[in-house]
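Q: After the structure tokens below, expect a handful of questions from me.
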Amino acid sequence: MEAKFLKAAFGPGDFPPPLNPEIVFVGKSNVGKSTLINTLLNNRRLAKTSSTPGKTRSINFYQVGTILFVDLPGYGYAKASKELRASWERLILSYFKNRRNISLAVVLLDVRRGSDEATMSLIRLLEGLDITYCFVLTKADKVSKSEGLLRLREIEAQFRPKPYSPLLFSAKMGLGKTELWNVIMDATNRLKQRIGES
Ligand SMILES: Nc1nc2c(ncn2[C@@H]2O[C@H](COP(=O)(O)OP(=O)(O)OP(=O)(O)O)[C@@H](O)[C@H]2O)c(=O)[nH]1
Ligand SMILES: [Mg+2]
């Protein structure tokens, strides 16, 4: 699919008009958001990745055919100053509260770390705003297959996410790519139906 960088937003005033269904990628710094976007789009350089956490500071919008991909700055990066963290949180909150065109939030968790307090408040926020989400456990190549499956079951039991079950993902092995595309297309069709009905 044809994909290009659209814009970097530092505040709500920079967001593009909410005219296209939007897939937003959210998770801690260094969890693999930008790498996952590049893997889905078969483009290794589109979203900037780095081994230094906290690289993505702006909300980056990508045009992917008729939908938008949104790379959010990582939350809960311990080494950032309090002030910086608060401004990130404001930016992310204003994003979720202002976009009626979100068809899916992809919630990334490192398969080795699982969920924590920050994840739970994120999920509460998404559920409160009626935003559909799907958990993706990243870096699945770092654990054995049986451990990966165990982590999936833990997330499933803890959150009982509906309508999408958690997925394992590895950029290194290309694992989970087809499954995640299926979820993205399904969620986008559901949003179109909802808009058509209202
Ligand atoms: N082994 C392995 N490493 C991965 C995978 N995905 C990402 N990484 C590595 O994890 C590091 C962080 O990846 P990024 O995609 O930059 O993470 P991010 O979530 O965008 O980070 P921020 O922009 O800082 O929030 C990089 O060194 C990647 O190469 C994966 O599936 N397997
Ligand atoms: Mg990034």
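Every read-out reported here was derived from the displayed coordinates using simple, explicitly stated rules and does not represent laboratory data. What you see is a predicted model; the values in this text were computed from it and never measured. Cβ: placed from backbone, ideal geometry, glycine included. Neighbour counts: every protein chain shown.
Q: Using each residue's phi in the stretch 182-195, evaluate 6.51 cos²θ - 1.76 cosθ + 1.60 at θ = phi - 60° and report the 3J(HN,Hα) Karplus result to the nearest Hz, with x for Gly and Pro.
A: Rounded to whole hertz, the list is 4, 5, 4, 5, 4, 5, 5, 5, 4, 5, 4, 5, 4, 5.
Q: Give me 7, 82 ranked fewest to most by other Cβ atoms within 10 Å of their Cβ, as a rough exposure proxy.
A: In increasing order of surrounding Cβ atoms, one gets 82, 7.
Q: Another question, then. Reachable lysines from residue 145, Cα under 25 Å, same-chain residues fewer than 8 places away excluded?
A: Output for residue 145: 28, 33, 162, 172, 177.
Q: Please work out whether the stretch 121-191 counts as rounded, prolate or oblate from its C-alpha gyration tensor, where a ≥ b ≥ c are the square roots of the eigenvalues and a/c under 1.5 means rounded, while otherwise a/b larger than b/c means prolate and anything else oblate?
A: oblate
Q: Is the C-alpha gyration tensor of the chain telling us rounded, prolate or oblate? Criteria: a/c under 1.5 is rounded; beyond that, a/b larger than b/c is prolate, otherwise oblate.
A: Values: a/c = 1.27, a/b = 1.12, b/c = 1.14.
Rounded is the answer for the chain, as its axis ratio a/c remains below 1.5.
Q: Taking H placed 1.01 Å from N in the peptide plane, check which residues at least 5 places from residue 28 or on another chain put their amide H under 5 Å from its amide H.
A: Distant-sequence amide H within range of residue 28: 75.
Q: Using the 10 angstrom Cβ neighbour count as an exposure proxy, how do 89, 2, 179 rank, fewest first?
A: Ascending Cβ contact count within 10 Å gives the list 2, 89, 179.
Q: Starting with the fewest neighbours, write out 131, 92 ranked by other beta-carbon atoms found within 10 Å of each beta-carbon.
A: Ordered from fewest to most neighbouring Cβ atoms within 10 Å, 131, 92 come out as 131, 92.
Q: Could I ask something else about it? Using θ = phi - 60° and the Karplus relation 6.51 cos²θ - 1.76 cosθ + 1.60, list the HN-Hα couplings for the stretch 159-169 in order, rounded to whole Hz, with x at every Gly or Pro.
A: Each residue of the stretch 159-169 in turn: 10, 6, x, 10, x, 10, 6, x, 10, 8, 9 Hz.
Q: Right, here's the next one. I'd like the distance separating the alpha-carbon centroids of the stretch 137-151 and the stretch 1-27, in whole Å.
A: Taking the Cα centre of the stretch 1-27 as reference, the centre of the stretch 137-151 is 30 Å away.
Q: Hey, what did the chain get for relative contact order, percent, Cα under 8 Å, at least 6 apart?
A: 22 percent
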